[in-house]
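Taken together, the values in this text are just the output of simple stated rules run on the coordinates, not laboratory data. Everything quoted here is computed from the prediction, not taken from an experiment. Note: ideal-geometry Cβ built from the backbone for every residue, glycine included; neighbour counts use all protein chains shown.
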Amino acid sequence: MGGRREEILDAALAIADERGLDGVSMRAVAERVGVTPMALYRHVSGKAELLDAMVGHLLSALLPPDAGPDQGPAQRWEEGLAALARGFRAMVLRHPWAAPLLFSRPAVTPDAARAVDAIYTALTEAGVPDREVPRLERLITTFVIGFVASEVSGRFTSGSLDPRGRRGRLPEGDLPGHARIKPWLHLPDDLAIEFEADLDDIMRLIEAAVHPRTDSESGSSTPDSSA
């Protein structure tokens, strides 16, 4: 993407930062670039293509540069996945409007597809069976997007505004599950700690897919056929 199309995309991203995603329209972008809306259609076929290009731009920025002879050894799969997850969270915290966009648009541009392919590659390098790769990719991306979307939307709140300590108190008494875990209901002050703990759990799930437990390891036994 270059020239006028790059200028159009930069304008769309700037408008989203200023006004939110609802403020991005073909007319608004045309005005920012200084052309008529009809002239804009020569470079972008419509708003759907514009939104897809915005997704691709955001995701491509998370990819590491191509490995070269001066960059040392390539990242291990765990490091690569963790870097993508942390980079995604940081990006959405900078651009909160991006969370619903990334939840609602598939990765259809070449840049967006490369980001998904980086996850596929990390999972295959980990030794995940090919048939399990798409499922685990969906698990990873749904967790990451959902976590940070909850952060920027206000679903995760802490301190006196956190509803989790209050919603278990009903007129007829406390809900038993809430009452039992009441000391731990409030969210941590630093959600990055919880994000990292969740990432560790995701890594263990990946390792479990690589090395599934056998019946003997899980403690189950096979009935004795001679009995």
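If R0 is 22 Å, what FRET efficiency do you get for Glu196 and Ala14 from their C-beta distance, rounded to 0.05?
E(calc), rounded to 0.05, equals 0.10.
Once the piece of chain linking Ile181 and Ala48 is laid out straight, how much longer is it, given 0.36 nm per residue of separation minus the C-alpha distance between them?
Contour length minus the Cα-Cα distance gives 43.3 nm.
Give, in nm to one decimal, the length gained when the segment between Thr157 and Arg135 is fully stretched (0.36 nm per residue of separation minus the Cα-Cα distance).
Length difference between fully extended and current span is 4.9 nm.
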